[in-house]
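Student: Quick one: this structure, given as structure tokens, is what I'll be asking you about.
The values are calculated or read from the model by the stated rules, or taken from the named source; none is laboratory data. Bear in mind the structure is a predicted one, so any value in this text is a computation, not a measurement. Cβ atoms come from the backbone with ideal geometry, glycine included; neighbour counts cover every protein chain shown. Only protein heavy atoms, including side chains, enter the accessible area calculation; ligands, DNA and RNA are left aside. Shrake-Rupley method; radii C 1.70, N 1.55, O 1.52, S 1.80 Å.
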Amino acid sequence: MAVIRGPKLILVTGAAGHIGSRLVEQLSRREDMKLRLVVRRRPDIDVSTRGDVVVGDLTDAEFCVRAVTGCDAIVHLASVPSDASDASTAISVHEAMARNLLAAAVQARVSRFVHVSTVHVFGKSLHGTINEATRPEPISPYGRAHLAAEQVLDAFAGEHPSIVSLRCANGFGASTAGSDTAWSLVTGDLCLQAARGSVLRLSTHGRHQRDFITLTDIVGAITHFVLDHSTQGLVLLGSGNSVTLREFAETVALRAQHAFGRSYDIEVRSDDVAPPVEYSLDVRRLRDSGFVPKNDVNSEIDGLLRAATTRCM
């Protein structure tokens, strides 16, 4: 196991985003790391106490060289929005960001590159048991863009720096940077509904399966792979436990009843006749790397409910 020894300088792109804000919060507490935070624009809250904030465009190769210089590791989280509609633009942006960051990383002799991708790269093939060898068939611009970035990284495989791409499942949890992403996801929307009333409504029949992984586990895994360079290539980052959307809503209802003292009804769309998406992620490679998700779903939902309550005030 190759472990970096600090204090080391870690570059985090997308540092003000949904995952990035939680990652920065955790890494900034470590004495063995210093942070350089790359954002497209100044965030709404002050994160300068957590690292050196650098504002710029990762599609600008010269900016990437300046941002990466002196860094020991890179965590690449920057992404187009998950609801992006223009596939060609999304793909070109992701390719440019990955290519520029990698070229800068090679020039700066960065030792580790952790790229956070998504299970949306599977698209049509997201059924049955999924592992790293499952063929990607992305449907959405978001999935196609992340796959394009992965393919850029593949060209550097086995060279310097060591690269790992984490295909992340459905992450959920409260952001620490005021990001609205949490509330656009079904998990956050359910918690908002719970804070506002006594009915949880799903926009589908509720039988679709998802592998929900807490932001706590996502951040823990990223930190693990920043420190441990022995794993390279693709790794599925999930809980390994698929549940239906209705089952997740039932868990939210139970946690909300405990928090707010009222019972909840769950409503689904009775006219939805779409066949349910059913799959499970094989996370053996993740576990073999030495990282085991805690899967503390209740605590993460409780945090989302608290944040939802604040948002509703």
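Student: Within the set of pairs 6 or more residues apart or between chains, which connect a residue that is without any contact (Cβ under 8 Å) to a residue 40 or more places away in the chain inside the stretch 117-143 to a residue that is surrounded by fewer than 15 Cβ atoms within 10 Å (Cβ to Cβ) and acidic (Asp, Glu) with Cβ atoms less than 6 Å apart?
Tutor: The qualifying pairs are Gly123/Glu137; Lys124/Glu137; Ser125/Glu137.
Student: For the stretch 162-200, give me each residue that is charged (D, E, K, R) and more than 16 Å from Ser21 (Cα to Cα).
Tutor: Within the stretch 162-200, the first condition is being charged (D, E, K, R), and the residues that meet it are 167, 180, 189, 196.
Arg167, Asp189, Arg196, listed by residue number.
Student: Follow-up. Filter the stretch 71-85 down to the residues that are open to solvent by less than 50 Å² (accessible area, probe 1.4 Å) and over 18 Å from Leu37 (Cβ atoms), then identify the one that is modelled with the highest pLDDT.
Tutor: Of the stretch 71-85, the ones open to solvent by less than 50 Å² (accessible area, probe 1.4 Å) are 71-80, 84.
From what's left, over 18 Å from Leu37 (Cβ atoms): 80, 84.
Details: Val80: 84, Ala84: 78.
The qualifying residue modelled with the highest pLDDT is Val80.
Residue-by-condition table, conditions (1) farther than 17 Å from His76 by Cβ; (2) not hydrophobic (A, V, I, L, M, F, W, C):
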| site | (1), (2) |
| --- | --- |
| Leu101 | no, no |
| Gln107 | no, yes |
| Val110 | no, no |
| Val116 | no, no |
| Leu126 | yes, no |
| Asn131 | yes, yes |
| Arg135 | yes, yes |
| Pro138 | yes, yes |
| Ala145 | no, no |
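Student: Taking the condition open to solvent by 10 Å² or more (accessible area, probe 1.4 Å) and assigned to a loop (DSSP other than H, G, I, E, B), does Ala16 pass?
Tutor: yes
Student: Sticking with this structure for a sec: Against the conditions (1) open to solvent by 40 Å² or more (accessible area, probe 1.4 Å); (2) in contact with a Pro (Cβ under 9 Å, 6 or more places away or on another chain), where does Val186 fall short? Just the number, please.
Tutor: Going through the list (1) open to solvent by 40 Å² or more (accessible area, probe 1.4 Å); (2) in contact with a Pro (Cβ under 9 Å, 6 or more places away or on another chain), Val186 breaks only (2).
Student: Oh, and also: From the list Val39, Val110, Val119, Val68, pick out the single residue that is within 22 Å of Cys168 (Cβ to Cβ), buried (at least 20 other Cβ atoms within 10 Å of the Cβ) and in contact with a helix residue (DSSP H, G or I) (Cβ under 8 Å, 6 or more places away or on another chain).
Tutor: Val110
Student: Looking only at the stretch 153-177, count every residue that is at pLDDT 95 or above and on the phi < 0 side of the Ramachandran plot and tell me the total.
Tutor: Residues flagged as at pLDDT 95 or above and on the phi < 0 side of the Ramachandran plot within the stretch 153-177 amount to 10.
Student: Being hydrophobic (A, V, I, L, M, F, W, C) and modelled with pLDDT under 90 is the filter here; which residues of the stretch 1-42 pass it?
Tutor: Met1, Ala2, Val3, Ile4, Ala16
Student: I would also like to ask the following. On the basis of being of a type in the set (A, V, I, L, M), touching a Lys or Arg at 6+ places or on another chain (Cβ under 9 Å) and open to solvent by 20 Å² or more (accessible area, probe 1.4 Å), does Ile301 make the cut?
Tutor: no
Student: Assess whether Arg167 counts as being open to solvent by 40 Å² or more (accessible area, probe 1.4 Å), touching a strand residue (DSSP E or B) at 6+ places or on another chain (Cβ under 9 Å) and closer than 25 Å to Gly188 by Cβ.
Tutor: Here the answer is no, as Arg167 does not meet what is asked.
Student: Kindly indicate whether any position in the stretch 127-144 is acidic (Asp, Glu), closer than 25 Å to Pro275 by Cβ and surrounded by fewer than 16 Cβ atoms within 10 Å (Cβ to Cβ).
Tutor: Among the residues of the stretch 127-144, at least one is acidic (Asp, Glu), closer than 25 Å to Pro275 by Cβ and surrounded by fewer than 16 Cβ atoms within 10 Å (Cβ to Cβ), which makes the answer yes.
Student: Can you name the condition, by its number, that Ala307 falls short on among (1) of a type in the set (A, V, I, L, M, F, W, C); (2) assigned to a loop (DSSP other than H, G, I, E, B); (3) within 20 Å of the chain's Cα centre (by Cα)?
Tutor: With (1) of a type in the set (A, V, I, L, M, F, W, C); (2) assigned to a loop (DSSP other than H, G, I, E, B); (3) within 20 Å of the chain's Cα centre (by Cα) applied to Ala307, the lone miss is (2).
Student: Find the residue count for the stretch 227-236, including only residues that are open to solvent by 10 Å² or more (accessible area, probe 1.4 Å) and either hydrophobic (A, V, I, L, M, F, W, C) or part of a helix (DSSP H, G or I) (or both).
Tutor: Number satisfying all stated conditions: 2.
Student: Additional query: Among the numbered criteria (1) buried (at least 21 other Cβ atoms within 10 Å of the Cβ); (2) more than 21 Å from Val80 (Cβ to Cβ); (3) in contact with a Phe, Trp or Tyr (Cβ under 7 Å, 6 or more places away or on another chain), which single criterion is violated by Phe172?
Tutor: Answer for Phe172: the failing condition is (2).
Student: Another question, if that's okay. Report every pair of residues separated by at least 6 positions or lying on different chains whose Cβ atoms are under 8 Å apart, first residue within the stretch 222-245 and touching a residue at least 24 places away in the same chain (Cβ under 8 Å) and under 17 Å from Asp72 (Cβ atoms), second open to solvent by 30 Å² or more (accessible area, probe 1.4 Å) and among the hydroxyl-bearing types (Ser, Thr, Tyr).
Tutor: Every condition considered, the pairs that remain are His229/Ser111.
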